[in-house]
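Novice: Supplied in structure tokens, the structure appears directly below.
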Amino acid sequence: MKFVDEYRDQKAAEFFRDAIHNIVTKPWVLMEVCGGQTHAIVKYGIDELLPKEVELVHGPGCPVCVTPLELIDKAILIASRPDVIFCSFGDMLRVPGSEKDLFMVKASGGDVRIVYSPLDAVKIAKDNPDKEVVFFAVGFETTAPANAMAVHQAKELGIRNFSILVSHVLVPPAIEAVMSSPLCRVQAFLAAGHVCTVMGYNEYLPLAEKYKVPIVVTGFEPLDILQGIYMTVKQLEEGRHEVENQYARSVKKDGNRPAQDLVSRVFRVVPRKWRGVGEIPESGLGLTAEYAAYDAETKFDVGDITVDEPEECISGLVLQGIKKPNECPAFGTRCTPEHPFGATMVSNEGACAAYYRYRRFAAKAA
Ligand code: SF4
């Protein structure tokens, strides 16, 4: 397939594998920030191609995984109301809240619908004026423009029975939180190509300088990731800490300005709680005063719910790159994709789910 096969070419992969082996002289720990990259690394065994000196740890880049448990409970509470049509991307429906998930709400009669775009939810609101329609707006900077467009369009069309339950998080503050931890082992980052397609990479320049870490904007295909690792290791070996762009076929330094303008009109930067990590200042998005009427948390008065995480789950440590999924005692036994304890096992992009899917037997043996 055009634009896919050429990024999975075996000979080119062997070239980058050998190039990495040829330049490495000492141990390095690299973190990929995106769940899509984690999935590709485990699926294609990219970490197993690397020299033993290069270790990959998996960062907080899966939006489903970092959505706090209490927000899932808020979604369940809203979706259970008889006057609500609750719309979401499919991956959020299986994420367990403290007692049940959205699929269970649907099974017991709740009107929970899977949509492919937030704009579909706006249309549902237009077609159902006697119902309140809520869209579960989860994601990083990547999905923020479409969610901003949905809210903006609803306002322009005068649709008042539409709102969004916002759980948007931002990558740069997460990198800052990882680097600030006293347990941090990370020496370089592969930044997420799709996030930078929207945002560009100017905001990574001060982070690379402050923490003296190379940051390489990287794509998602096996060759993208191998080349990103090569560029990162080369910087580390040469004592450089720069922001470089491996994913130049999609990412421009300034990103997509019209998308950024829309996002900053509809959303403002707010503190956000990250699942397993805790609250990170200025790490999320909330609606601006102009669009506050579209905030589902306020509309349905669910702002005050707080919930404790399951004690046994160490996904917070997994999301910070401190532990690997197979170091969790519950991995593959008490915690599986069919019976997940934590969100990193639920989402396809979660590190625990990727380990379980592609190497559960090796991981169990370890
Ligand atoms: S295997 Fe399950 S319990 Fe362990 S960290 Fe992953 S999600 Fe949490």
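The values are calculated or read from the model by the stated rules, or taken from the named source; none is laboratory data. Treat the numbers as computed from the prediction; the structure is a model and nothing was measured. Neighbour counts run over all protein chains shown; Cβ positions are idealised from the backbone, glycine included.
Novice: Output the residues belonging to region 298-331 that are small (G, A, S), assigned to a loop (DSSP other than H, G, I, E, B) and near the ligand (Cβ under 7 Å from one of its atoms).
Specialist: Of region 298-331, the ones small (G, A, S) are 303, 315-316, 321, 330.
From what is left, the residues that are assigned to a loop (DSSP other than H, G, I, E, B) are 303, 321, 330.
Of everything in region 298-331, just one residue is small (G, A, S), assigned to a loop (DSSP other than H, G, I, E, B) and near the ligand (Cβ under 7 Å from one of its atoms), namely A330.
Novice: Another one. Kindly provide the set of residues from region 132-150 that are out of contact with any helix residue (DSSP H, G or I) (no Cβ under 7 Å at 6 or more places or on another chain) and either surrounded by fewer than 18 Cβ atoms within 10 Å (Cβ to Cβ) or under 25 Å from P258 (Cα atoms) (or both), ordered by number.
Specialist: Within region 132-150, T143 is the sole residue that qualifies.
Novice: Oh, and also: Going through region 342-356 one residue at a time, which ones are free of Cβ contacts under 8 Å to residues at least 40 places away in the same chain and either in a loop (DSSP other than H, G, I, E, B) or more than 7 Å from the ligand (Cβ to nearest atom) (or both)?
Specialist: Hits for region 342-356 are A353, Y356.
Novice: I would also like to ask the following. Filter region 151-169 down to residues that are surrounded by fewer than 24 Cβ atoms within 10 Å (Cβ to Cβ), in contact (Cβ under 8 Å) with a residue 12 or more places away in the chain and out of contact with any Lys or Arg (no Cβ under 8 Å at 6 or more places or on another chain), then give me how many there are.
Specialist: Residues meeting the conditions: 3.
Novice: Kindly establish whether L285 is touching a Pro at 6+ places or on another chain (Cβ under 7 Å) and buried (at least 17 other Cβ atoms within 10 Å of the Cβ).
Specialist: Against the criterion (touching a Pro at 6+ places or on another chain (Cβ under 7 Å) and buried (at least 17 other Cβ atoms within 10 Å of the Cβ)), L285 does not qualify.
Novice: Which one is nearest to E156 (Cα to Cα), of the residues in region 294-309 that are out of contact with any helix residue (DSSP H, G or I) (no Cβ under 7 Å at 6 or more places or on another chain) and at pLDDT below 75?
Specialist: That would be D304.
Novice: Being in contact (Cβ under 8 Å) with a residue 24 or more places away in the chain and over 25 Å from G35 (Cβ atoms) is the filter here; which residues of region 109-129 pass it?
Specialist: Those that are in contact (Cβ under 8 Å) with a residue 24 or more places away in the chain and over 25 Å from G35 (Cβ atoms): G110, D111, V122, I124, A125, K126, N128, P129.
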